[in-house]
Every structure is written in C-alpha cells, then in structure tokens.
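Report on the following structure.
The values are calculated or read from the model by the stated rules, or taken from the named source; none is laboratory data. Model, not experiment: these values are computed from the prediction. Methodologically, a virtual Cβ is constructed for each residue, glycine included, from the backbone with ideal geometry; neighbour enumeration extends over all protein chains shown.
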C-alpha cells in the first residue's frame, strides 16, 4: 500500500497522506482549503512499515482504505502551568488564591 505524504505550508506539523501522488480527488474541498499549499514530503510503502512517527499506522492504513486520505495534525501543546498547578493542588501546596 503506497501513500504520498504532503506537508501543509499553512498549518505547521500538519500532514496529509493520500493514495496516489498528486491525486487529491478524494480529499474534501474544505479540508484542502484549510490545508493550504501541499508540499510533497515522501512516498511511503505502508505495507513494509511497522510504525510511523506520531501517527498510528493501523489508523492511517484504515482511513486510506476507507476514505482515500488521512490527515495527521500535531498533538495539542502542553500546558505546563496547568500541569504544575494541578500537581501543587494534589500536594496541598497551592494557596487559596489559586485553588479554584
């Protein structure tokens, strides 16, 4: 199973996997508009891969087979302040001012 992988020049760390190079016919128009200019990154043989960077390879294969494309978006950024405050609250070290 071959897949062409494109990166968005509009959305950082957003990638689009499609079945055939330069064939965006199965990708919905609103998604293409949001994605912006697509730059080819690579062509992968997903049949010979066990894993991908951050995407679940089985989900990529399934969505390619079902929909003809897979959109990989970056994970949400970490909120270190929120995590720190939660840890302080858990430890009982958070002042009443912030304990909401």
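A few points about this structure:
- Residue within segment 81-94 that is in contact with a helix residue (DSSP H, G or I) (Cβ under 9 Å, 6 or more places away or on another chain) and either at pLDDT 95 or above or not in a helix (DSSP H, G or I) (or both) present: yes
- The residues of segment 29-52 that are modelled with pLDDT of 95 or more and touching a helix residue (DSSP H, G or I) at 6+ places or on another chain (Cβ under 9 Å) amount to a single one, 38.
- Residues (over 15 Å from the mean Cα position of the chain (by Cα) and exposed (fewer than 13 other Cβ atoms within 10 Å of the Cβ)) located in segment 43-61: 43, 45, 47, 48, 50
- Filter result for residue 41 (within 11 Å of residue 6 (Cα to Cα) and either free of Cβ contacts under 8 Å to residues at least 60 places away in the same chain or in a loop (DSSP other than H, G, I, E, B) (or both)): yes
- Residue within segment 21-28 that is surrounded by 13 or more Cβ atoms within 10 Å (Cβ to Cβ) and either at positive phi or part of a helix (DSSP H, G or I) (or both) present: no
- Filter result for residue 13 (free of Cβ contacts under 8 Å to residues at least 24 places away in the same chain and either under 17 Å from residue 68 (Cβ atoms) or out of contact with any strand residue (DSSP E or B) (no Cβ under 7 Å at 6 or more places or on another chain) (or both)): no
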